[in-house]
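The values are calculated or read from the model by the stated rules, or taken from the named source; none is laboratory data. For clarity, every value in this text was computed on a predicted model and none was experimentally measured. When we count neighbours, we look across all protein chains shown, and the Cβ atoms used for this are built from the backbone with ideal geometry, even at glycine.
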Amino acid sequence: MKTSLIISSAILLALGLTSSMQIGLPTVSNTSFQIGEKLRYRITYGFIDAGEAVLEIKETTKKGNGSRDLYHIKGTGRTLGGFNAVFKVNDVYESYIDKKGIFPWQFVRRVEEGGYKLSQDYAFKQDKQKVHNGEKDFTTPSGIQDMISSFYYARTLNFKSAKVGDTFEFKCFMDDEIWPLKVKYLGDEKISIRKGKFNCMKFAPVVQTGRVFKKQDDLNFWVTKDENRIPILVKAKIPVGSVKLHLVEWSGLKHDLEKAK
């Protein structure tokens, strides 16, 4: 099971970049999250709890010229119990996100999945529209996102005017490539998880068929229809069964997470 894929799939909800500019960099109004927020998810394979994922926000500062306040986001994913003997996963993702623009300045990825290991370090030169991977520069669009910052950038967007079937797109830098990520809005639903029932917006990423998912509707996720805009449930069909990721614990939210009546 690719924990990193499920986590990254859950966070690709976004539109294009906000047009307000300051010193050549995008600015975004954030009313959805704050320092101290912590989200814990349980990953279920079939009916078995197979792993967990945690996302936490801390504060830091960009050093050097042009010092800026940042969110330090750390995401971890790991297998639980007997799954460690079958296919152990221990993944760590870190993103240093600009507070004013909700875009990354640095991204760190450490993946251990079975016998597979991967280390990535990206320096985002947002003021120069470049990303450096330790060996060379890549030219990127203004405000390019990474796998973690995408999740938080998406939460700042206003989907109130979205209509069923609307498809949105933005760009993310992953694996030394610029990925045009697309998502389709499928309407509103009340979703029940272990912690209760919540009013949600339903989305489906537009994925490339034949790679991981057989059909473009094999992955769906639900985001709370409130100011927090938290993904609380992800369902994915994979070649060897199904995987579900659901929110089991939260703290430090900017707004109370209200249950549906």
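Here are the numbers:
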quantity	calculated
Tally, over the range 173-187, of residues that are closer than 17 Å to Val234 by Cβ, out of contact with any Lys or Arg (no Cβ under 6 Å at 6 or more places or on another chain) and in contact (Cβ under 8 Å) with a residue 24 or more places away in the chain	4
Residue that is surrounded by the fewest Cβ atoms within 10 Å (Cβ to Cβ) [pool: residues in the range 110-142 that are closer than 24 Å to Thr27 by Cα and of a type in the set (Phe, Trp, Tyr)]	Phe138
Residue within the range 92-102 that is modelled with pLDDT under 95 and over 21 Å from Phe170 (Cα atoms) present	no
Within the range 99-116, tally of residues that are out of contact with any helix residue (DSSP H, G or I) (no Cβ under 9 Å at 6 or more places or on another chain), assigned to a strand (DSSP E or B) and not aliphatic (A, V, I, L, M)	5
Looking only at the range 158-179, and only at residues there that are in a strand (DSSP E or B) and over 23 Å from Ser29 (Cα atoms), the one that is nearest to the chain's Cα centre (by Cα)	Met174
Residue in the range 221-235 that is surrounded by 14 or more Cβ atoms within 10 Å (Cβ to Cβ), of a type in the set (Val, Ile, Thr), in contact (Cβ under 8 Å) with a residue 40 or more places away in the chain and farther than 23 Å from Leu39 by Cβ present	no
Flag for Lys160 being surrounded by fewer than 21 Cβ atoms within 10 Å (Cβ to Cβ) and within 28 Å of Asn228 (Cβ to Cβ)	yes
Only one of Phe83, Phe103, Phe87, Phe107 that is surrounded by 21 or more Cβ atoms within 10 Å (Cβ to Cβ), among the aromatic types (Phe, Trp, Tyr) and touching a Gly at 6+ places or on another chain (Cβ under 9 Å)	Phe103
Residue tally, condition assigned to a strand (DSSP E or B) and at pLDDT below 95, over the range 25-43	2
